[in-house]
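Here the structure is laid out as structure tokens; the discussion comes afterwards.
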Amino acid sequence: AQKVTQAQTEISVVEKEDVTLDCVYETRDTTYYLFWYKQPPSGELVFLIRRNSFDEQNEISGRYSWNFQKSTSSFNFTITASQVVDSAVYFCALQGGSTLGRLYFGRGTQLTVWP
Amino acid sequence: GAVVSQHPSRVICKSGTSVKIECRSLDFQATTMFWYRQFPKQSLMLMATSNEGSKATYEQGVEKDKFLINHASLTLSTLTVTSAHPEDSSFYICSAKNNRDGSRNTIYFGEGSWLTVV
């Protein structure tokens, strides 16, 4: 079974604060991929990152960073010095090696950054 | 630029009519495409897997006669919502897997389509 849990439904922060979005996943596949997408009100999914199961290195891209911990099956996403434009719904997703392209999404976290 | 194009981006139709949504891979071939539905403030749920040249595989609880999927070419899959009802109003989004991506398994999403049934 494949499952993604985003326990935080909504998060509100004030601009310039750091915020971490949590993601916990379940899979029996040894090879899998983890994703983060940003969904603004317009609806499209903006790809942020893809990480495969064999690469546990943390990644930083500008104000964004990701912490992948296989030991706890977590793939958390941190935004440093948040900005109003970061306000959106963020989805964590899992693609199992056996699922040939299908993604399993968490329920999403609505992030609101106040000025 | 977008590598998967979805059209229309927004559509309003009357109850009882049918509406077709297209998902097109622009610069690669996709044997497999996926259709997801997202209700307001909810997650994206897979409706069906579209397979070129064969029947789509539907998820449990999705009516295959209501949501017709046709994947007649390696670059185009269509979702037709037949006899639409207001409860079908939702955001529909497709994704495609590049055939020639090998083990990289790169997935590309379309821009999504907002369907409102009045």
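The values are calculated or read from the model by the stated rules, or taken from the named source; none is laboratory data. Since we're looking at a predicted model, the values are computed, not measured. Virtual Cβ from ideal backbone geometry, glycine too; neighbours counted across all protein chains shown. SASA here: full protein model, heavy atoms, side chains in, ligands and nucleic acids out. Shrake-Rupley method; radii C 1.70, N 1.55, O 1.52, S 1.80 Å.
When Cβ neighbours within 10 Å are restricted to other protein chains, what is their mean count per residue of peptide B:44-50?
3
Calculate log10 I(q)/I(0) of the protein assembly as shown for q = 0.08, 0.14 Å⁻¹, where I(q) comes from the Debye formula with a single equal point scatterer on each Cα and nothing for solvent.
Here the Debye-derived log intensity ratios amount to -0.30, -0.91.
So who's got an amide H within less than 5 Å of the one on residue B:89, skipping anything under 5 residues away but keeping other chains? H placed 1.01 Å off N, in plane.
Those lying under 5 Å, H to H, from residue B:89 are B:117.
Quick one: Debye curve from the C-alpha atoms of region B:52-102, no solvent, what's log10 I(q)/I(0) at q = 0.24, 0.25, 0.26 Å⁻¹?
-1.09, -1.15, -1.20
Need one value for A:33-43: mean number of C-beta atoms belonging to other chains within 10 Å of its residues' C-beta atoms.
Neighbouring Cβ atoms belonging to other protein chains average 2 per residue here.
With all protein chains present, how much of the accessible area of chain B (probe radius 1.4 Å) comes from carbon and sulfur, to the nearest whole percent?
50
Keeping all protein chains in place, calculate the accessible area per residue for chain B (probe 1.4 angstrom), answer in Å².
That works out to 51 Å² per residue.
Any idea what diffusion coefficient region A:32-115 gets from Stokes-Einstein, in µm²/s, Kirkwood Rh on alpha carbon pairs, 25 °C, 0.890 mPa s?
Reported coefficient: 181 µm²/s.
Counting only Cα, what are the radius of gyration and maximum Cα-Cα distance Dmax of region A:1-76, in Å?
Reported Rg and Dmax, both Å: 13.3, 39.
At 1.4 Å probe size, put A:48, A:100, B:79, B:68 in order of accessible surface, largest to smallest.
Sorted descending by solvent-accessible area, the residues read A:100, B:68, A:48, B:79.
Using 7 Å Cα-to-Cβ label points, what is the residue A:63/residue B:39 separation (nm, one decimal)?
In this crude label model, residue A:63 to residue B:39 measures out at 3.4 nm.
Which GluC sites (Glu not before Pro) from region B:20-118 combine a DSSP loop assignment with at most 10 other Cβ atoms within 10 Å?
B:63
Relative to the isolated chain, which residues of region A:77-106 have their accessible area cut by 10 Å² or more in the presence of all protein chains (1.4 Å probe, heavy atoms, no ligands or nucleic acids)?
A:91, A:95, A:100, A:101, A:102, A:103, A:105
Apply the Karplus curve 6.51 cos²θ - 1.76 cosθ + 1.60, θ = phi - 60°, to the phi angles in region B:57-62 and return the couplings in whole Hz, x for Gly and Pro.
Whole-Hz 3J(HN,Hα) from phi for region B:57-62: 9, 9, 6, 4, x, 9.
Could you look at chain A and say what percent of its accessible area is carbon and sulfur, using a 1.4 Å probe and all protein chains?
Of all accessible area on chain A, carbon and sulfur atoms account for 50 percent.
Taking just the alpha carbons, could you work out the radius of gyration and Dmax for chain B, both in angstroms?
Rg, Dmax (Cα atoms, Å): 13.6, 44.
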